[in-house]
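K.L.:
The structure follows.
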Amino acid sequence: MAIKYPPQTVDRVLIFDTTLRDGEQSPGAALNVDEKLTIARQLARLGVDIIEAGFPFASPGDFEAVQRIAEVVGTETGPVICGLARATRSDIEAAANALKPAYYPRIHTFIATSDIHLEYKLKKTRAEVLEIAPEMVAYAKSFVEDVEFSPEDAGRSDPEFLYQVLERVIAAGATTINIPDTVGYTTPAEFGALIKGIKENVPNIQQAVISVHGHNDLGLAVANFLEAVKNGARQLECTINGIGERAGNAALEELVMALYVRRQYFNPFLGRPAESEAPLTNINTREIYKTSRLVSNLTGMLIQPNKAIVGANAFAHESGIHQDGVLKNKRTYEIMDAHLIGLADNQIVLGKLSGRNAFATRLRELGFELTETELNKAFLRFKDLADKKKEITDWDLEAIAKDETQGI
Ligand code: KIV
Ligand code: ZN
């Protein structure tokens, strides 16, 4: 049994990216193994602490993707690679096998704890779940040191029952306990209180990292997570562009930038001096825009123009009053610089006079890595289009780049 436990420092907030598992559960967002590997590589460059690479038991394709990512990205200097497993032996075995090549493997096992899930979905009693959960955590622990447990639908579970389950799974070896708001039902104050209750009522809670996972059915996932951080959560499960089941998951870029821009507000909750400038996460924020474009391009899921942080309008000023203010002092209407997320400070407008370098730079910002030959061909197409159109938009550039990379 290879045990390589990751350095679990919790003096900062760990970012657990589940774009390739929960994010891929968005209708129409299916990715093939190569596409998943490309995204995983970029997630590693972005600096996420944990990549949930898939659900190995779910399909041979998912198994292969987790295995490839474990092999290529899950190196000694890379992130923890995680595989999801229901609380069954066969799921856990599939996850353990797929994760074998990873230097830091993590098995994430889950079982529902809300009465509605127990009665209608699992057809199990609370007493049965109290037995199964620690038993399966212990089974996962026989393969890897790093085991995460989620009580699915925790947001609608009886807190007293939740405390009992959590105490038992921690005693069985869970190193992270993840609290999912599976149906995006809780409000920020409620979610914060749930985390506080867990900290105060689970006697062995100090032995595990508290994580949160949340869906955006009421548009509250990010706000819920920020309350959770204030109350002791130190791992956030999120996806690029907030993609995921139904209305999606908490968006990584929004969480990371909220914790960055407002770090002085959050510092005291992490026991840091309020004025500390040290970032609260390990994320290289300058890779955010590129990652967002890559995920959008590969999943085919478009980003709404007014999406926070990565939407086309997120740093655009239209009204005369705002433009005037920004020209006098950017801080009048901007709370962060565009370059922080990897955009050029001053957006270069591409047109017929633009050179190959500006063209290539913009394509890289949009997440396209073209070969020299592809770039040469794409540049000719761009020049051709620029002769016909006054201003070339990002959508035009993406269309050109996609045509070249797909050989159209
Ligand atoms: O939303 C959810 O509850 C999940 C779990 C598997 C963590 O995705
Ligand atoms: Zn989920």
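The values are calculated or read from the model by the stated rules, or taken from the named source; none is laboratory data. Model, not experiment: these values are computed from the prediction. Note: ideal-geometry Cβ built from the backbone for every residue, glycine included; neighbour counts use all protein chains shown.
K.L.:
Out of V222, V256, V212, which single residue is modelled with pLDDT of 95 or more, within 12 Å of the chain's Cα centre (by Cα) and part of a strand (DSSP E or B)?
P.N.:
Testing whether each residue is modelled with pLDDT of 95 or more, within 12 Å of the chain's Cα centre (by Cα) and part of a strand (DSSP E or B) leaves just V212.
K.L.:
Another one. Hey, V169 hits all of (1) surrounded by fewer than 22 Cβ atoms within 10 Å (Cβ to Cβ); (2) in a helix (DSSP H, G or I); (3) within 16 Å of ligand 1 (Cβ to nearest atom) but one; which does it fall short on?
P.N.:
(1)
K.L.:
Separate question: For region 274-389, list the helices (runs of 4 or more DSSP H) that sit wholly inside it and hold at least 3 residues that are under 18 Å from the mean Cα position of the chain (by Cα) and hydroxyl-bearing (S, T, Y); which are they?
P.N.:
The qualifying helices (runs of 4 or more DSSP H) are 288-299.
K.L.:
Among the candidates G342, G311, which residue alone is without any contact (Cβ under 8 Å) to a residue 60 or more places away in the chain, at positive phi and not basic (K, R)?
P.N.:
Going through G342, G311 in turn, just one is without any contact (Cβ under 8 Å) to a residue 60 or more places away in the chain, at positive phi and not basic (K, R): G342.
Residue-by-condition table, conditions (1) part of a strand (DSSP E or B); (2) within 13 Å of ligand 1 (Cβ to nearest atom); (3) under 11 Å from I92 (Cβ atoms):
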position: I111; (1), (2), (3): yes, yes, no
position: E119; (1), (2), (3): no, no, no
position: A133; (1), (2), (3): no, no, no
position: A140; (1), (2), (3): no, no, yes
position: F143; (1), (2), (3): no, no, yes
position: F149; (1), (2), (3): yes, yes, no
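K.L.:
Does any residue in region 348-376 that is within 20 Å of K388 (Cβ to Cβ) and free of Cβ contacts under 8 Å to residues at least 60 places away in the same chain come within less than 6 Å, Cβ to Cβ, of a residue that is in a helix (DSSP H, G or I) and among the acidic types (D, E) six or more places away or on a different chain, and which pairs are these?
P.N.:
K352/D387
K.L.:
Check V229, V183 and return the single one that is within 13 Å of ligand 2 (Cβ to nearest atom), closer than 30 Å to T299 by Cβ and under 19 Å from the mean Cα position of the chain (by Cα).
P.N.:
Exactly one of V229, V183 is within 13 Å of ligand 2 (Cβ to nearest atom), closer than 30 Å to T299 by Cβ and under 19 Å from the mean Cα position of the chain (by Cα), namely V183.
K.L.:
How about region 132-160: which of its residues are among the aliphatic types (A, V, I, L, M) and touching a Leu at 6+ places or on another chain (Cβ under 8 Å)?
P.N.:
Correct list: V144, A154.
K.L.:
I would also like to ask the following. Pairs please, first residue from region 21-35 and on the phi > 0 side of the Ramachandran plot, second anywhere and part of a helix (DSSP H, G or I) and within 14 Å of ligand 2 (Cβ to nearest atom), Cβ atoms under 9 Å, 6+ apart in sequence or on different chains.
P.N.:
Cβ pairs passing all conditions: none.
K.L.:
Further question: Please find, among I92, I81, the residue that is part of a strand (DSSP E or B) and either away from ligand 2 (no atom under 16 Å from the Cβ) or surrounded by fewer than 17 Cβ atoms within 10 Å (Cβ to Cβ) (or both).
P.N.:
Within the list I92, I81, the selection yields I81.
K.L.:
In region 247-271, which residue that is touching a residue at least 40 places away in the same chain (Cβ under 8 Å) and under 12 Å from D11 (Cα atoms) is surrounded by the fewest Cβ atoms within 10 Å (Cβ to Cβ)?
P.N.:
Per the stated criteria, the residue is G271.
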